[in-house]
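Following: one structure in structure tokens, then a few remarks.
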Number of protein chains: 2
Amino acid sequence: MKVKLVKNILEANDRIAEENRKIFDEHGIFVINMMSAPGAGKTTLLEKTIRALKDTARIGVIEGDIATTRDAERIEATGIPVVQINTNGACHLDGNMIREAMDDLPLSAIDLLIIENVGNLVCPAEFKVGEDAKVMLLSVAEGDDKPLKYPLMFSEASLLLINKIDLIPHTNFNMAKVKKECMGINSMLDIIEVSAMTGQGMDKWHNWLQQKFAL
Amino acid sequence: MKVKLVKNILEANDRIAEENRKIFDEHGIFVINMMSAPGAGKTTLLEKTIRALKDTARIGVIEGDIATTRDAERIEATGIPVVQINTNGACHLDGNMIREAMDDLPLSAIDLLIIENVGNLVCPAEFKVGEDAKVMLLSVAEGDDKPLKYPLMFSEASLLLINKIDLIPHTNFNMAKVKKECMGINSMLDIIEVSAMTGQGMDKWHNWLQQKFAL
């Protein structure tokens, strides 16, 4: 009974996500659903990426948070259109939330829409929102045991950004082990090592983005 | 309708948690529900705590994970009783899971039961499991903006362990800001700074534990 209900919720969400995707496609918008555990550095990475690419692409952002508008304020300071969704306790974004938020964005003036999901390594991976690709961040400070412990997000993602690599010397993070375990879960996964803080590897991530949405 | 359903689920869970609590009380067991984002260091901290206290207290552990038995294997190596719960995708432990797991523990031979929840800063805070106290970990690598962004867990916790303080020099973590924002959410919250890796502050956490369950 409970399982059936969850299945119905997911199927209903898939339909809405499909409709969102159609609307985004009509406007020629490439959509990224960005996911990670809390504090992996999504917003800092986004700030840097927007500042690096905003002269060559029209970028928009939807910010998902349980509470506060802090992240949206940080993105707004970069001068691009941003909409904040407060989920009021819900642990992930869903298709319906994105459907409502998109009305507040100038869709005809956006080429690349980045949706920053709620910080959570579990639930967001289950809910499509109408994205073209899921990009996940893993901070090296989270440890190298995450792929097998949270396999769904790693299997759903098209790209894994391993962030905060400047902290590697201060941790026991084993990069080779993580990459090997990721390949076991999702052999199509692209992996790029970055430090949003120092800028290391960010050009590779930007190249990945530019190739995908073909500026 | 959806809200009502969620309310019913939470109420049913509260009843089961209450029954669990009664069983734990009958056996004189002090129960900690340990929660954090993925990779905040719960298992490493637990390993160190068990090794430090196991000669003075009879400790048992219930390990919650989406998948794998990695954490339970690490705890088992310390020589104390441990039960693994695999939630098969569910993003939190609930009362019923603990009800089933406790049958596999020697309850009469345990004084302190530590339940390590699924790594998730959101959902576990909503589900009681029969604990006496909720202890949450925040890794400094997650950043200093978490209390206001994930208020429920901070408001539910009795103790916040701010872990990985050895990384502070390599981050822009503002300890005073975090503590101030925590107090705004939960003025009764105890806060202890630790590094499970270097051992710094661990004696304070162990003293807190020992005072609470009065060895």
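What follows draws every value from the coordinates through simple rules; no lab data is involved. None of these values were measured; they are calculated from a predicted model. In this analysis, Cβ positions are derived from the backbone assuming ideal geometry, glycine residues included, and neighbour counts consider all displayed protein chains.
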Surrounding net charge for B:Ile185, when Lys and Arg each add one and Asp and Glu each subtract one, Cβ distance under 15 Å
+2
Just the projected area, averaged over all directions, of the convex hull on the alpha carbon atoms of the stretch B:65-131: how many nm²?
4.6
Calculated label separations, A:Trp208, copies of the chain, 7 Å along the beta-carbon direction, nm
3.6
Rounded, prolate or oblate: pick one for the protein assembly as shown, where a ≥ b ≥ c are the square roots of the eigenvalues of its C-alpha gyration tensor, a/c under 1.5 means rounded, and failing that, prolate if a/b is larger than b/c, else oblate.
prolate
Three-way shape call for the stretch B:9-61 based on the alpha-carbon gyration tensor, with the a/c threshold at 1.5
oblate
Using the crude model of +1 on Lys and Arg Cβ and -1 on Asp and Glu Cβ, and no other charge, please compute the dipole size for the stretch A:2-214 relative to its Cα centre, in debye to 20.
540
Assigning unit charges at the beta carbon (Lys, Arg +1; Asp, Glu -1) and nothing else, what dipole magnitude in debye, to the nearest 20, does the protein assembly as shown show about its Cα centre?
280
Only Lys, Arg (+1) and Asp, Glu (-1) charged, at Cβ; the stretch A:1-105 dipole about Cα centre in debye:
360
Signed unit charges on C-beta, dipole axis of the protein assembly as shown, positive-most listed residue B:Asn117, A:Val122, B:Leu46
B:Leu46
The ³J(HN,Hα) series, computed from each phi in the stretch B:88-104 with the Karplus coefficients 6.51, -1.76 and 1.60 at θ = phi - 60°, rounded to the nearest Hz and given as x for glycine or proline, is 6, x, 5, 8, 7, 8, 10, x, 5, 4, 5, 4, 6, 5, 5, 5, 8
Residues meeting the amide H criterion for B:Glu193 (H placed from the backbone, H to H distance under 5 Å, 5 or more places apart or on another chain) are B:Ile162
Long pairs among A:Lys164/B:Lys180; A:Lys54/B:Lys42; A:Lys128/B:Lys177; A:Lys22/A:Lys149, criterion Cα-Cα beyond 30 Å:
A:Lys54/B:Lys42; A:Lys128/B:Lys177; A:Lys22/A:Lys149
Can you quote the Å³ per residue value for the convex hull of the Cα atoms in the stretch A:75-206, rounded to an integer?
133
Could you tell me whether the stretch A:1-93 comes out rounded, prolate or oblate from its Cα gyration tensor? Rule is a ≥ b ≥ c as square roots of the eigenvalues, rounded for a/c under 1.5, then prolate if a/b exceeds b/c, otherwise oblate.
oblate
Could you compute the net charge surrounding B:Arg74? Neighbours are other residues with a C-beta less than 15 Å from the C-beta of B:Arg74; K and R count +1, D and E count -1.
-2
Sorting A:Ile29, A:His170, A:Ile59 by the position of each Cα along the dipole of chain A (Lys, Arg +1; Asp, Glu -1; all at Cβ), the one nearest the positive end of that ordering is A:His170
For the protein assembly as shown, what is the mean residue ellipticity at 222 nm derived from helices alone (per DSSP H run of n ≥ 4: -39500 (n - 2.57); sum divided by total residues; nearest 500 deg cm²/dmol)?
-12000 deg cm²/dmol
Amide proton proximity set for A:Leu93, modelled H, under 5 Å, gap of 5+
A:Val118
With Cβ to Cβ distances under 14 Å as the rule, what net charge do the other residues near A:Trp208 carry (K, R +1; D, E -1)?
-1
